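**Student:** Please read through the structure below; I'll follow up with questions.
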Amino acid sequence: MHINLKDNLIHINQTISNSKKVAFLTFLVASILLLIFYFTEFNGMIYFSLLFIVAAFFVNTYLFVTLFFQLKQKQITNQILLTLGIMLLNIPIGYLYVEIGLKIYSHSNPN
């Protein structure tokens, strides 16, 4: 089955859009989880957050790799690179959130 250029670009544009949404939602949900943990110090939130981190890692990695292999599409290389950059911003933010979460966890009282 042959996919024409127009269909391929539509597919890539949809992947770009989905990747930006996933990157933003990952950031938003992680921020909310950190705030909940900060204000409640409910230790069970750590386990849920770690599960979220693992799931978000796999989803973001899949989308990142998918976009990375589409860089050969010269018409939208800049859009792809911008999206990859946005997705990469979640790495240091995620690391910071894990550090903050572990610091809160180490100073919280066991419940």
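The values are calculated or read from the model by the stated rules, or taken from the named source; none is laboratory data. These numbers come from a predicted model, not from an experiment. Using ideal geometry, Cβ is built from the backbone for each residue, glycine included, and neighbour counts are taken over all protein chains shown. Accessible surface areas use protein heavy atoms only, side chains included; no ligands, DNA or RNA. Shrake-Rupley method; radii C 1.70, N 1.55, O 1.52, S 1.80 Å.
**Student:** For the structure I just gave you, tell me whether PHE68 is among the aromatic types (Phe, Trp, Tyr), modelled with pLDDT of 90 or more, open to solvent by 50 Å² or more (accessible area, probe 1.4 Å) and on the phi < 0 side of the Ramachandran plot. Please lay out each step first, then the result.
**Tutor:** Working: among the aromatic types (Phe, Trp, Tyr): yes; modelled with pLDDT of 90 or more: yes; open to solvent by 50 Å² or more (accessible area, probe 1.4 Å): yes; on the phi < 0 side of the Ramachandran plot: yes.
Judged against the criteria, PHE68 is a match.
**Student:** Condition first: open to solvent by 70 Å² or more (accessible area, probe 1.4 Å) and within 28 Å of LYS72 (Cβ to Cβ). Now tell me which residues in segment 14-56 satisfy that.
**Tutor:** Correct list: GLN14, LYS20, LYS21, PHE24, LEU25.
**Student:** For a quick check of your reading of the model, give me the residue pairs whose first member lies in segment 90-102 and is among the hydroxyl-bearing types (Ser, Thr, Tyr), whose second is open to solvent by less than 90 Å² (accessible area, probe 1.4 Å), with beta-carbon atoms closer than 6 Å and at least 6 apart or on different chains.
**Tutor:** Listed by first residue and then by second, the contacts come to TYR97/ALA30; TYR97/LEU34.
**Student:** Only residues that are open to solvent by 30 Å² or more (accessible area, probe 1.4 Å) and hydrophobic (A, V, I, L, M, F, W, C): list them for segment 1-13, please. Quick ask: steps written out before the conclusion?
**Tutor:** Residues of segment 1-13 that are open to solvent by 30 Å² or more (accessible area, probe 1.4 Å), as a first pass: 1-11, 13.
MET1, ILE3, LEU5, LEU9, ILE10, listed by residue number.
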